[in-house]
Amino acid sequence: MQSDDAHTIELHGHTVAYRASGSGPVLLLIHGIAGTNAVWDEVFEQLAEDHTVIAPDLPGHGASGASAGDYSVGALAATLRDLLLALGHDRATAVGHSLGGGVAMQFSYLFPEYTERLVLISSGGLGRTVNPALRLAALPGAELVTSQLGNAARVASDIARAVGRLPGVGSGSRVRAELARSVSALADRETRAAFHATLRAVIGPEGQRVFAGDRLYLAEVMPTLIIWGARDKIIPIGHGRRAHAAMPGSRFVVLERAGHFAPLEDPDGVEGALRSFLREEAPATPDPNRFRELLREGG
């Protein structure tokens, strides 16, 4: 994280860390579970050339403090709404990766007046299937395992980060460094508690608990871009394809070189798709009457 764009703010008595840079229309970048805003490192400065870019660490993640205990996607979305307002911004394009995609969808659903567009990158909340490792981590007692994994991963994380900074090292090493950092962070008790609370709010032994499928038709009033890595082994690309078919007017971009961490694995592809979308799709205009009609038709 760059020191000149790293900030903290107190919201409701809790510390929220975030990066902010640039000027212009606001992009709110939302990371995934056990992650930090570092997942946006490869696109952050480029996007800040002509946008105000805000990339928070979600509560209980990275440099942000723990929440009061509610790590549901609704609570996380409300925190981001409050962050946006506290920083003096009225609206933003919400860009979410993995769990952050689920938070972005909830943000646009609960607070459409604050949302200009919606961008989902290998998003959670679009189907039930998820990598078995995450289902196992949601089981009762899994804290004992993640604690040991976190302690063992600390050394691996230091090595991976150092290797990832070497000239000529590919994006795969950056992803490994980010994964090692995520696992090593679980050695910290508060971080581990936040991870499991967040995970269990969205994933159970049978798969993803939170599923937006019955509300995707509401995307008619929200310009939406879906980006997926063709090699994603965490959340199947089929989730993105089905969501695209169910979301009127949405765009779907497949990045052939990327897996689950497209912002790190193919930052040029992510930036290009995002810029085309921002250029060609005007911000949503809140229309309560049309929203009401959709609810009646969809119900």
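The values are calculated or read from the model by the stated rules, or taken from the named source; none is laboratory data. Being a predicted model, the structure only gives us computed values, none of them experimental. Glycine gets a Cβ as well: all are built from the backbone with ideal geometry, and neighbour counts include every protein chain shown. Only protein heavy atoms, including side chains, enter the accessible area calculation; ligands, DNA and RNA are left aside. Shrake-Rupley method; radii C 1.70, N 1.55, O 1.52, S 1.80 Å.
Here are some notes:
- Principal semi-axes in Å for region 175-299 [√(5λ), Cα gyration tensor, largest first]: 30, 21, 14
- Fully extended contour minus Cα-Cα distance, from Leu110 to Glu271, at 0.36 nm per residue: 55.3 nm
- Carbon/sulfur fraction of accessible area - region 232-284, other protein chains in place, 1.4 Å, %: 53
- Along region 269-275 the Karplus relation, 6.51 cos²θ - 1.76 cosθ + 1.60 evaluated at θ = phi - 60°, assigns HN-Hα couplings of x, 5, 4, x, 5, 5, 5 Hz to successive residues, with x for each Gly and Pro.
- Computed from the alpha carbon atoms alone, the convex hull of region 10-88 holds 80 Å³ per residue.
- Surface exposure of region 6-88, expressed per residue as accessible area with a 1.4 Å probe, stands at 33 Å².
- Distant-in-sequence amide H partners of Ala284 (H built 1.01 Å from N, under 5 Å): Arg117
- Using a Förster distance of 25 Å, the FRET efficiency for Arg189-Ile237 (Cβ separation, nearest 0.05): 0.10
- Exposure rank, largest accessible area first [Arg200, Arg231, Arg128, Arg192; 1.4 Å]: Arg231, Arg128, Arg200, Arg192
- The peptide list 282-290, 24-32, put in order of mean Cβ contacts within 10 Å with the highest first, becomes 24-32, 282-290.
- Karplus-based coupling profile of region 227-243, in residue order and whole Hz: 10, 9, x, 4, 9, 5, 9, 8, 10, x, 5, x, 4, x, 4, 5, 5, with θ = phi - 60° in 6.51 cos²θ - 1.76 cosθ + 1.60 and x standing for Gly or Pro.
- Each Lys or Arg adds one and each Asp or Glu takes one away; over the other residues whose Cβ falls under 13 Å from the Cβ of Leu295, this sums to -1.
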